[in-house]
Amino acid sequence: MTVFIIIFLLTLLVITALAIVQTSNLFAAAMLAGIFSLISAMTFFLLDAADVALTEAAVGAGISTVLFLGALALTADHERAGTAGRLIALVVVTAIAAVLIYTTFDMPRLGDPNAPSQLHVAPWYLEKTPEYIDVPNVVTAVLASFRGYDTLGETFVVFTAGIGVLFLLGKAPVGQPKLSPAMTFAGKAGLRHYQIPRVVGRLLIPFILLFALYVQFHGDYGPGGGFQAGVIVAASIVLFALLEGEERALQALPAGLLKLLAAAGALLYGFTGVACMLLGGEFLNYSVLAHDPVHGQHYGILIIEAGVGFTVTGVLISIFHSFAARGAK
Amino acid sequence: MMDLLGLYNYWVFAILLMIGFYAVTAKQNLIKKLIGLSIFQSAVFLLYITIGPVEGGTAPIFHEGAARQVYSNPLPSVLILTAIVVGISTLALGLAIIVRIKEAYGSVEENEIREIDRQ
Amino acid sequence: MIVDAVSWVLLTLGGFSVLIGGIGALRMPDLYTRMHAASVTDSLGTMLVLAGVILQAGFTLAAVKLAATLIFLLFTSPTAANALASAALMAGINPGLATPWRQEPRS
């Protein structure tokens, strides 16, 4: 029965993607991209990938939309219609799509228990996780422990992206005035028009942060983990910056602290691996961290998820501030 | 018929992939290209997540009770979690570069930028 | 059995009101009337659908989480609609039949 809901959602995805490509108003395209991410999050949830659904909803429908809007505020509003080479592109694209659809007839159908992907490594992970790690969420166990090295690389990728954006947008261009309190939304537009969002926002931000902490520490027992928690904290700080102004957001969490947080998270992850080596195991083999291998795995997962959460928080808020502080007129 | 319906995910993957690819190659506006790139990435995520579920299975989170519960494949979720985060990182970097291009050239349309470069 | 029937009714009514909100958002002539139609989805649709799902969940932790989600949505959706309408007014889009809004308020 869920297969019909999945088919409906996938059709919506195609329609939304067509609308994104066709519209010339970039603001509408950014909003539609957020809707696209939300619909794909729903599809992922129905396809039994709960962690991925949470991450896609937080990242795609939340942070990604904010980044697009920040970039759009600094660049163009509408797309100018270009005409060169569109027919060729359309023909090539249709041909490749036809070839791809022809090849899909060999793929196993959705949910086939005899598909190759279900038969080789996956049963081993499902069987051995209670024995080695004893954590209910197998995805977190694989992500943080069995394939912890990949996650270390991913944390470094996030950190590198933060460094890159800070290099590109960190220094204000010549001739740009510094931020002043009058430049906030509340300062420019007059307080009364933003009274309700400010009151409700101030009420909700502590609960959003509390939820982020819940997601961080419950990554072992349900969908969640460091990335999702970091994104949710970043979203709450973005809400604070939108309502109270850049000045006050930078007073609450200074830029230096954010950079420190980003670096500290990645370092924490790396040092956990080195600590495991110093205690006699291999790099990122958490079993040596405690008296009992399973407890060691629990401690290791806790520490590295905290590291990931710090890095993602620091990097995403720094990126937001880089976009928001640029071009403040 | 149910077999064909079971392939619908892959067809949508192919169509979304090509829609994103079209946006990246045929559109002139740099931000539109980036949005097309993110559609392309989402199509790839869809392909990987589609090979995960099992009939009668549930999300790979153990809970008390059901001893003979069938669980879906956890590995595509792990891959795609990393891929989503890497995707947002490249998106942020790409948008930062676009902002600098706008400041340097005054436009974010690819043909106008080529014109300015040619002079 | 009764609980199932009641939750079915609530879910159907919720889906129906979401449909009404969607049709209204398409057919209304003006930005503000469209927002008003879409807010039916935000409030009535959300409440009915989530109430139906809470009845399905029974007395478990999931029902508490759903109730918390409902409260959160009841706070944020009207606020978002208010912020949108404020922003539209500040941008200079006037409601259809009203006299034009002046940029500086009187007091």
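The values are calculated or read from the model by the stated rules, or taken from the named source; none is laboratory data. Being a predicted model, the structure only gives us computed values, none of them experimental. So basically every Cβ, Gly included, is an ideal-geometry build from the backbone, and we count neighbours across all protein chains shown.
Would a scan of the stretch B:82-103 turn up a residue that is over 26 Å from A:GLY170 (Cα atoms) and not aliphatic (A, V, I, L, M)? Checked against the condition, which is being over 26 Å from A:GLY170 (Cα atoms) and not aliphatic (A, V, I, L, M), the stretch B:82-103 yields at least one hit.
Of all residues in the stretch A:89-137, exactly one satisfies the criterion of being among the hydrophobic types (A, V, I, L, M, F, W, C) and touching a strand residue (DSSP E or B) at 6+ places or on another chain (Cβ under 8 Å), namely A:LEU126. Would you confirm whether any residue within the stretch A:91-112 is under 30 Å from A:ARG326 (Cα atoms) and not assigned by TED's automatic domain parsing to the domain that holds A:ALA290? Scanning the stretch A:91-112 turns up no residue that is under 30 Å from A:ARG326 (Cα atoms) and not assigned by TED's automatic domain parsing to the domain that holds A:ALA290.
Taking the criterion of being more than 30 Å from B:TYR105 (Cα to Cα) and in contact with a Ser or Thr (Cβ under 8 Å, 6 or more places away or on another chain), would at least one residue in the stretch A:61-75 satisfy it? Yes; the residues of the stretch A:61-75 include at least one that is more than 30 Å from B:TYR105 (Cα to Cα) and in contact with a Ser or Thr (Cβ under 8 Å, 6 or more places away or on another chain).
Does A:VAL93 satisfy the condition of being facing another protein chain (nearest Cβ under 7 Å), under 12 Å from the mean Cα position of the chain (by Cα) and hydrophobic (A, V, I, L, M, F, W, C)? Answer is no for this residue. Criterion applied to A:PHE4, A:PHE45, A:PHE8, A:PHE68 was being under 27 Å from B:ILE98 (Cβ atoms) and among the aromatic types (Phe, Trp, Tyr), and the one residue passing it is A:PHE68. Would you check which residues across the stretch B:47-58 are within 7 Å of chain A (Cβ to nearest Cβ), surrounded by fewer than 24 Cβ atoms within 10 Å (Cβ to Cβ) and among the aliphatic types (A, V, I, L, M) and list them? Matches in the stretch B:47-58: B:ILE51, B:VAL54.
I'm checking my understanding of the structure. Among residues of the stretch A:23-39 that are assigned to a helix (DSSP H, G or I) and more than 10 Å from chain B (Cβ to nearest Cβ), which one is farthest from A:ARG109 (Cα to Cα)? So, considering only residues that are assigned to a helix (DSSP H, G or I) and more than 10 Å from chain B (Cβ to nearest Cβ), the one farthest from A:ARG109 (Cα to Cα) is A:PHE27. In the stretch A:289-303, the residues that are surrounded by fewer than 20 Cβ atoms within 10 Å (Cβ to Cβ) form Cβ pairs under 6 Å with partners that are assigned to a helix (DSSP H, G or I) and of a type in the set (A, V, I, L, M), at six or more places apart or across chains, as follows: A:TYR299/A:LEU289.
Filtering A:LEU243, A:LEU253 for residues that are in contact with a Lys or Arg (Cβ under 7 Å, 6 or more places away or on another chain) and either away from chain B (no Cβ under 14 Å) or charged (D, E, K, R) (or both) leaves a single hit, A:LEU243. Residues satisfying the criterion are absent from the stretch B:59-77 (criterion: of a type in the set (S, T, N, Q), within 24 Å of A:THR313 (Cβ to Cβ), buried (at least 18 other Cβ atoms within 10 Å of the Cβ) and more than 8 Å from chain A (Cβ to nearest Cβ)). Tell me, please, whether a residue that is modelled with pLDDT under 90, facing chain A (nearest Cβ under 7 Å) and either surrounded by 22 or more Cβ atoms within 10 Å (Cβ to Cβ) or under 12 Å from the mean Cα position of the chain (by Cα) (or both) can be found in the stretch B:91-114. Checked against the condition, which is being modelled with pLDDT under 90, facing chain A (nearest Cβ under 7 Å) and either surrounded by 22 or more Cβ atoms within 10 Å (Cβ to Cβ) or under 12 Å from the mean Cα position of the chain (by Cα) (or both), the stretch B:91-114 yields at least one hit. Which ones in the stretch A:107-150 are in a helix (DSSP H, G or I), at the interface with another protein chain (Cβ under 7 Å from one of its Cβ atoms) and touching a helix residue (DSSP H, G or I) at 6+ places or on another chain (Cβ under 8 Å)? Hits for the stretch A:107-150 are A:SER117, A:ALA122, A:TYR125, A:LEU126, A:VAL138, A:VAL139, A:VAL142, A:LEU143, A:ASP150.
Within the stretch A:22-55, being surrounded by fewer than 20 Cβ atoms within 10 Å (Cβ to Cβ), over 19 Å from B:TRP11 (Cα atoms) and over 19 Å from the mean Cα position of the chain (by Cα) holds for A:GLN22, A:THR23, A:SER24, A:ASN25, A:PHE27, A:ALA28. I'd like the residue in the stretch A:110-132 that is of a type outside the set (Gly, Ala, Ser) and crowded, with 17+ Cβ neighbours inside 10 Å and, out of all such residues, is nearest to B:LEU7 (Cα to Cα). Across the stretch A:110-132, the extreme among qualifying residues is A:LEU110.
Pull up the stretch A:73-89, narrow it to residues that are modelled with pLDDT of 85 or more and facing another protein chain (nearest Cβ under 7 Å), then point me to the one that is surrounded by the fewest Cβ atoms within 10 Å (Cβ to Cβ). It comes out as A:ALA89. Scanning the stretch B:25-40 for residues that are within 22 Å of A:ILE101 (Cβ to Cβ) and surrounded by 22 or more Cβ atoms within 10 Å (Cβ to Cβ) returns B:GLY36, B:ILE39. Scan the stretch A:208-239 for residues that are among the hydroxyl-bearing types (Ser, Thr, Tyr) and within 11 Å of chain B (Cβ to nearest Cβ) and the total you get is 1.
Evaluate the following for B:PHE40: is it more than 7 Å from chain A (Cβ to nearest Cβ), closer than 25 Å to A:ALA76 by Cβ and aromatic (Phe, Trp, Tyr)? Yes, satisfied.
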